[in-house]
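Take a look at the structure set out below.
The values are calculated or read from the model by the stated rules, or taken from the named source; none is laboratory data. Source: prediction; values computed, not measured. Reconstructed Cβ throughout: ideal geometry from the backbone, glycine too, with neighbour counts over all protein chains shown.
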Amino acid sequence: MVSNYLNWMVRNLADMEIQLGAVKRINGLLKTEAENYEGLLSSSQIPQNWPDRGEIQIQNLSVRYDSNLKPVLKHVNAHISPGQKIGICGRTGSGKSSFSLAFFRMVDTFEGRIIIDGIDIAKLPLQTLRSRLSIILQDPILFSGTIRFNLDPEKKCTDSMLWEALEIAQLKHVVKALPGGLDAIVTEGGENFSQGQRQLFCLARAFVRKTSIFIMDEATASIDMATENILQKVVMTAFADRTVVTIAVSTVPAAILMQTRIRNATLVNSCQC
């Protein structure tokens, strides 16, 4: 009898510890300050087609996740010409992904400036900034709904435009074979498609959005060689006039024309590929 009570008590203490941890995390989220979505520039001061060229100037950029922590990027300076294909590589934890997050102002503290087509991104409303750039991450993101919704959630594109994007990403035959075609169901997280197919859907979505700057943050790390070859081909053809920044752990894809490396939180060894 005593052993049963002890088992019950230990089990409940373990459950309570888990629940207290959950409460602590929720409390931390509730205390998180909301992002400042407002910008110094009004919508009338931002061209509707910004950025139309894709020129990037990075001036003395330093990034840290907290004012008390060391910077993960230090005094980075770079110029990326419109339409240029550049690769950034480095070890895990070297600051590569922090570099891409800085473009979307998703880091708490950064100094210096990122200027895109003549506009300092620090002056832009967050919604404007994030809606005008495209990114593909290592873990592709698809939403519950339809293929149409995942490619064009704002309903701005015709069917022919969506089929064109799918053909470019070599997914047209896959979608045509599904019941409903563009209206075929995508399960939560896109689990009814392979990892490579999910990444190609994200590529098609980036093509549909027509943004002049496209960032690939370790997008090829979890896909097979055949899918990577498709991605590289699309970058050099369908994205030929767009600025593409590719981030990788060791080497960047062969399609990239210039490569630089992050070491000790700084950019080093820029070279033509």
Qualifying positions in segment 21-72 - at pLDDT below 85, touching a Leu at 6+ places or on another chain (Cβ under 7 Å) and of a type outside the set (Ser, Thr, Tyr)
Glu35, Gly39
Just the residues that are assigned to a helix (DSSP H, G or I) and in contact (Cβ under 8 Å) with a residue 24 or more places away in the chain, please, taken from segment 123-156.
Lys123, Leu126, Gln127, Thr128, Leu129, Arg130, Ile147, Arg148, Phe149, Asn150, Leu151
List pairs: first in segment 202-224 and on the phi > 0 side of the Ramachandran plot, second of a type in the set (S, T, N, Q) and assigned to a loop (DSSP other than H, G, I, E, B), Cβ under 6 Å, 6+ apart or cross-chain?
Glu218/Gln138
With respect to Ala204, determine if the residue is modelled with pLDDT of 95 or more, surrounded by 21 or more Cβ atoms within 10 Å (Cβ to Cβ) and of a type in the set (A, V, I, L, M, F, W, C).
yes
Say whether the condition of being modelled with pLDDT under 90, touching a Leu at 6+ places or on another chain (Cβ under 8 Å) and not β-branched (Val, Ile, Thr) is met by at least one residue in segment 232-251.
no
Options Leu166, Leu171; residue that is touching a Lys or Arg at 6+ places or on another chain (Cβ under 8 Å), more than 30 Å from Ser43 (Cα to Cα) and in contact (Cβ under 8 Å) with a residue 24 or more places away in the chain
Leu166
Among the residues of segment 103-122, what is the count of those that are modelled with pLDDT under 90 and part of a loop (DSSP other than H, G, I, E, B)?
3
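Listed here are the residues, each with its yes/no results for (1) buried (at least 20 other Cβ atoms within 10 Å of the Cβ); (2) at pLDDT 95 or above; (3) among the basic types (Lys, Arg).
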{"position": "Ile135", "(1), (2), (3)": "yes, no, no"}
{"position": "Asp139", "(1), (2), (3)": "no, no, no"}
{"position": "Leu142", "(1), (2), (3)": "yes, no, no"}
{"position": "Arg148", "(1), (2), (3)": "no, yes, yes"}
{"position": "Pro153", "(1), (2), (3)": "no, no, no"}
{"position": "Lys156", "(1), (2), (3)": "no, no, yes"}
{"position": "Ser160", "(1), (2), (3)": "no, yes, no"}
{"position": "Glu164", "(1), (2), (3)": "no, yes, no"}
{"position": "His173", "(1), (2), (3)": "no, yes, no"}
Kindly indicate the residue of segment 87-102 that is crowded, with 20+ Cβ neighbours inside 10 Å and either aromatic (Phe, Trp, Tyr) or assigned to a loop (DSSP other than H, G, I, E, B) (or both) and also modelled with the highest pLDDT among those meeting that condition.
Phe99
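Counting only residues that are assigned to a helix (DSSP H, G or I) and of a type in the set (S, T, N, Q), which one in segment 189-235 is nearest to Ile141 (Cα to Cα)? Don't jump to the end; show me each part of the working.
Filtering segment 189-235 for residues assigned to a helix (DSSP H, G or I) gives 189-190, 195-209, 225-235.
Filter once more, so that each one left must be of a type in the set (S, T, N, Q): 195, 197, 199, 227, 229, 232.
Numbers: Gln195: 10, Gln197: 11, Gln199: 8, Thr227: 16, Asn229: 20, Gln232: 19 Å.
Here the residue is Gln199.
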